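Contents: one structure, followed by commentary.
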Amino acid sequence: MNGSGWTSTSMPYLTPRADGDSDAWTAEVEVAGRRGAQRILRAGEADPPAEVARMLDLTSGETAIVRRRIIELDGEPTELTDTYYPADIAAGTPLAGTAKIRGGAVTLLATLGHIGVRAVENVTARMPDPEEREQLRLGPVEPILRLTRTTYDAAGRPIQADVMIMPAGRQQLRYEIDIEVA
């Protein structure tokens with residue numbers, strides 16, 4: 001953590017949890033002695049935005065399953081997250097519903113036979129639109145970070161696409177990179 005902000009690493013969110021464990025967000029905030037929650041605003045089949053369709057390698061007209069959430073830290077909104085899955089992976093599963101998933105979506109994907117082995121993230125900064133400003137309770141000149149992540153399985157198929165919006169002044173993203181030496 002950084003002051004009143006939050007430092008987050010991506011790795012726990014890409015790794016399936018052990019049977020009976022909580023999701024990565026709940027575990028991360030508990031270790032920090034803080035309180036985390038998420039509200040699922042909606043879930044189900046949808047036409048993904050063009051950017052997400054490209055991230056998931058969907059053809060024109062293909063739908064995706066989306067889960068839209070507001071992530072909270074100590075009772076305050078800290079992130080807006082839209083997570084998309086190819087419909088042939090997620091339709092008819094708890095990913096298409098609004099109930100909390102024990103162990104998190106990555107763990108459920110693994111039980112369905114879809115294990116992420118590589119992720120590509122892109123981070124940009126911009127000013128929020130009015131809806132983002134309201135949902136994140138931002139002031140008139142507070143910028144946001146926008147992180148997009150595509151998770152791929154061992155065959156190179158995209159199995160999950162995330163679009164996350166975070167208040168820039170309340171976040172720090174931390175990346176640790178292991179380099180394999182041949």
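The values are calculated or read from the model by the stated rules, or taken from the named source; none is laboratory data. Quick caveat, the model's predicted, so the values are computed rather than measured. Note that each Cβ is placed from the backbone with ideal geometry, even for glycine, and that neighbours are counted across all protein chains shown.
Summary table
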{"quantity": "Helices (runs of 4 or more DSSP H) wholly inside the range 66-182 that include at least 1 residues being aliphatic (A, V, I, L, M)", "calculated": "87-90, 105-111"}
{"quantity": "Residue under evaluation ASP129, criteria (1) exposed (fewer than 12 other Cβ atoms within 10 Å of the Cβ); (2) touching a Gly at 6+ places or on another chain (Cβ under 9 Å); (3) acidic (Asp, Glu), criterion not met", "calculated": "(2)"}
{"quantity": "Total residues in the range 132-182, condition surrounded by 10 or more Cβ atoms within 10 Å (Cβ to Cβ) and of a type in the set (Val, Ile, Thr)", "calculated": "7"}
{"quantity": "Residue check for VAL120: within 30 Å of GLY92 (Cβ to Cβ) and either of a type in the set (Phe, Trp, Tyr) or surrounded by fewer than 16 Cβ atoms within 10 Å (Cβ to Cβ) (or both)", "calculated": "yes"}
{"quantity": "Candidates ALA105, ALA125, ALA96, ALA110 - the one that is in contact (Cβ under 8 Å) with a residue 40 or more places away in the chain, under 17 Å from ALA37 (Cα atoms) and out of contact with any Lys or Arg (no Cβ under 6 Å at 6 or more places or on another chain)", "calculated": "ALA105"}
{"quantity": "Only listed residue being within 20 Å of GLY113 (Cα to Cα), modelled with pLDDT under 95 and among the small types (Gly, Ala, Ser), chosen from GLY20, GLY36, GLY61", "calculated": "GLY20"}
{"quantity": "Count of the range 48-75 residues which are surrounded by 14 or more Cβ atoms within 10 Å (Cβ to Cβ) and either of a type in the set (Phe, Trp, Tyr) or over 17 Å from the mean Cα position of the chain (by Cα) (or both)", "calculated": "4"}
{"quantity": "Filter pass, GLU121 being at pLDDT below 95 and over 28 Å from ALA155 (Cα atoms)", "calculated": "no"}
